[in-house]
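Data block below; observations after.
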Amino acid sequence: MIDVETGYQAVRSRDSRFDGVFFTAVRTTGIYCRPSCPAVTPKQENVTFYPTAAAAQGAGYRACRRCRPDAVPGSPEWDVRADLVGRAMRLIRDGIVDRDGVAGLAARLGYSARQVHRQLTAEVGAGPVALARAQRAQAARVLLQTTDLPVTQVAFAAGFASVRQFNDSMREIYARTPTQLRAVTRGQRAAAGRPPGAAPGAPAVPAAGVPLRLAHRGPYDPTVFALLARQAVPGVEEVTGEPGARTYRRTLRLPYGVGIAEVDEPGAKDGDGRWLECRLRLADLRDLTTAVQRMRRLFDLDADPEAVAATLGADPLLAPLLRRAPGLRSPGAADPHELAVCAVLDARPERTSALVTGYGEPLPGGPDGGLTHLFPAARTLAAADQAELPKPVPALAAALADGTLCLDPGADRERAHRALLALPGVDEWTAGYIRMRALGDPDVFLPTPDTTQRAANAWRPWRSYALRHLWAATPHKNRIETP
């Protein structure tokens, strides 16, 4: 539950650290906002706090047009928690309800649909259908405001089952029709001296892809771009540009088709910006929500650097490291299967390159810069001549293909860890590294010469971040990510 006094103090001070952690609804206006909304602070007796935008929408509130509460980072709580609710929230963010329905979500979690609905409603104030609807509405708003797709195509691309459902949801959440939302955006662009939309005959989706701003909290240390450049899988990933102005590019295997993502490094030009610039080129726009969430996990954009610093800053070993890199993230993975295969090969590009050229799927439209392939699917590697694959890839691919090992966003982390250790050639360190990155676990401890398990217990639940700071200071002590 949200403490009323703490919540109201965050609203009074317009504290952006709480954006996405909870939402503020004002009974006298019928509007819900992010805590940092610049509007006049409402009276405390008129305020109600909700843990999710979907809960506020379910209570009859519409989204603020000024602060756009649907565009905030996700709550870091869902990455920390390993229980049913945390796993369900990660799967819903990945779009499983739109693809497989509530029954599919429940099956992945190993619970009944009724249990999942009851737990989510009790914890976050909304069931899986309402949570998925809130995501669909946000995806639709992005498409309306960044592309010239016909409204009907936007409805189905965002995941709505019908145009009527789409229109009703947008009016209820934004108090505007889809056409009105688009018109407002074009008016704002014209007022700013920018083109109001695509020229007649231009493609509905910009050739550069759907432009997005991926929001995050606090400062963002660009070390992750250096790591991705060192580990880039040839043909699947690349980092272009010079430090300070780098762009990470990669191919994506998505539920409905193929995608290419580009994310720009934050630089001096961004000032006090709280987002990473991103562009997504998708063969099927129904993959928008999934692609966004995969890039958010890769760049750890739902993290709370303030909460991490509050715990780790008390350690004299870590305090100076946090001051040196206050926005250091613990990167996840855009493709958990790919990350696991690369990890057992020690993430060496020269070792992964042969897999990509031999078993990867060429991009349908041909090479795009340095991008040429999708990383080999687990089932493809499992069906290959096992003698031709480097060890221990065959056993890992087989476990991923037959479901013995599950690394999706809603996976049970403890069960996945045990399954990894049961594979030949996977030791405790490699299993922990896969858990930290492929499963996005913020509390993994991997021994280093300077630390012990006992000392690291004081770093809970942010041990993965402690390791990141130690590795950034002494990179030779990380056996996989050593430059």
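Here are a few things to note about the model shown:
- Positive-end residue of VAL263, GLY241, LEU371, charge dipole of the chain with Cβ unit charges: VAL263
- Accessible carbon and sulfur surface of the range 199-322 relative to its total accessible area, %, 1.4 Å: 57
- Over the chain: helical MRE at 222 nm, DSSP H runs n ≥ 4 each giving -39500 (n - 2.57), nearest 500: -12500 deg cm²/dmol
- Built amide H within the under 5 Å cut-off of VAL258, gap 5+: ALA283, ASP284
- DSSP-defined beta bridges in the range 19-168 - what % are antiparallel, rounded to 5: 70
- The chain: DSSP helices with Cα axial extent of at least 24 Å and average Kyte-Doolittle hydropathy no lower than -0.5: 128-146
- For the chain, convex hull volume per residue from C-alpha positions, Å³: 153
- The packing ranking of peptides 84-92, 12-20, highest mean first, is 84-92, 12-20, where packing means the average number of other beta carbon atoms within 10 angstrom of each residue.
- Per residue, the average separation of C-alpha pairs within less than 8 Å and at least 6 apart gives the chain a relative contact order of 13 percent.
- Percent of Cα-Cα distances greater than 29 Å, calculated over the range 1-154: 20
- Within the chain: Cβ-based charge dipole about Cα centre, in debye rounded to nearest 20 (Lys, Arg +1; Asp, Glu -1): 1380
- Cβ-Cβ FRET estimate between ARG17 and THR41, R0 fixed at 30 Å, reported to 0.05: 0.95
- Summary value for the range 266-353: 25 percent relative contact order, contacts being C-alpha pairs under 8 angstrom separated by 6+ residues.
- Contact order normalised by residue count of the range 240-310, Cα under 8 Å, 6+ apart, percent: 25
- Average accessible area per residue (Å²) across the chain - probe 1.4 Å, nucleic acids and ligands excluded: 42
The values are calculated or read from the model by the stated rules, or taken from the named source; none is laboratory data. None of these values were measured; they are calculated from a predicted model. In this analysis, Cβ positions are derived from the backbone assuming ideal geometry, glycine residues included, and neighbour counts consider all displayed protein chains. Ligands, DNA and RNA are stripped out before the accessible areas are found, and what is left, the full protein with its side chains, is counted by its heavy atoms. Shrake-Rupley method; radii C 1.70, N 1.55, O 1.52, S 1.80 Å.
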